[in-house]
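A.B. asks: One structure coming up, written as structure tokens, with questions to follow.
The values are calculated or read from the model by the stated rules, or taken from the named source; none is laboratory data. Model, not experiment: these values are computed from the prediction. Virtual Cβ from ideal backbone geometry, glycine too; neighbours counted across all protein chains shown.
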Amino acid sequence: MSEVPAYLREGYITPDELFKIIPKPSEERLRARPVAVPECPQEIPCAPCREVCPTNAISMPTPNDLPVVDYEKCIGCSLCVQICPGLAFFMVHYVGDKARITMPHELLPLPKRGEEVVLLNRTGESVGKGKIVTVVPREKSRGDTPILVVEVPLQLAWDVRAVRVER
Ligand code: SF4
Ligand code: SF4
């Protein structure tokens, strides 16, 4: 019997596990502009990310296949982050000694642009402070998930996947 992957046992996926499943964008690509990265390792019947992508950057031959992004086709529109019901899509952009992470955020209150927030890693632990760059609230007619762009230290680019608003 094959071994159960660690992400199924633990409930979260590490970057090392993720990049055994999908390719990691190159440093050059990460610095060029925001790039979408799916953290969706389970074969479930789901495909709204593929359907919403305006450049057909997301390949998924059947809805049970894993989404794989053609990083050169991705224009960083963030629609996949907003529509994913599993909160599994993120965008990453390296800017100098910081990284800007675009992430879904379903909790209220939404932070404000410029606000300092607590950075949380994949297990929900606090790993430092970051700054909100952009807030995109829910689009009521579509029911999308609100998203945030959060500036974090570059070395935390693949660790921070949520924030806590302290008010
Ligand atoms: S960010 Fe936009 S272009 Fe890039 S994969 Fe997502 S939907 Fe497609
Ligand atoms: S919409 Fe989200 S959960 Fe569904 S296949 Fe795409 S990345 Fe996975």
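A.B. asks: Take the stretch 139-167 and flag every residue that is surrounded by fewer than 16 Cβ atoms within 10 Å (Cβ to Cβ) and of a type in the set (D, E, K, R). Can you show your working first?
C.D. replies: Taking the stretch 139-167 as the starting set, the residues that turn out to be surrounded by fewer than 16 Cβ atoms within 10 Å (Cβ to Cβ) are 139-143, 154-155, 164, 166-167.
Correct list: E139, K140, R142, R164, E166, R167.
A.B. asks: While we're on this one: What residue, of I13, I101, I44, is under 22 Å from T145 (Cβ atoms), among the hydrophobic types (A, V, I, L, M, F, W, C), more than 16 Å from ligand 1 (Cβ to nearest atom) and in contact (Cβ under 8 Å) with a residue 60 or more places away in the chain?
C.D. replies: One residue alone meets the criteria, I13.
A.B. asks: Any residue at all in the stretch 18-34 that is at pLDDT 95 or above, closer than 21 Å to P146 by Cβ and not small (G, A, S)?
C.D. replies: yes
A.B. asks: Sticking with this one: Quick one: which residue in A32, A36 is more than 12 Å from ligand 2 (Cβ to nearest atom) and surrounded by 13 or more Cβ atoms within 10 Å (Cβ to Cβ)?
C.D. replies: A32
A.B. asks: Then there is this: Of the residues Y71, Y7, which is under 30 Å from R138 (Cβ atoms), surrounded by 14 or more Cβ atoms within 10 Å (Cβ to Cβ) and at pLDDT below 95?
C.D. replies: From the options Y71, Y7, the qualifying one is Y7.
A.B. asks: Moving on. Six or more apart or on different chains, Cβ atoms under 6 Å: show the pairs whose first residue is in the stretch 59-71 and within 15 Å of A36 (Cα to Cα) and near ligand 1 (Cβ under 9 Å from one of its atoms) and whose second is part of a loop (DSSP other than H, G, I, E, B) and not basic (K, R).
C.D. replies: Qualifying pairs under 6 Å: P67/C40; P67/M60; V69/A57; D70/A57; Y71/P25.
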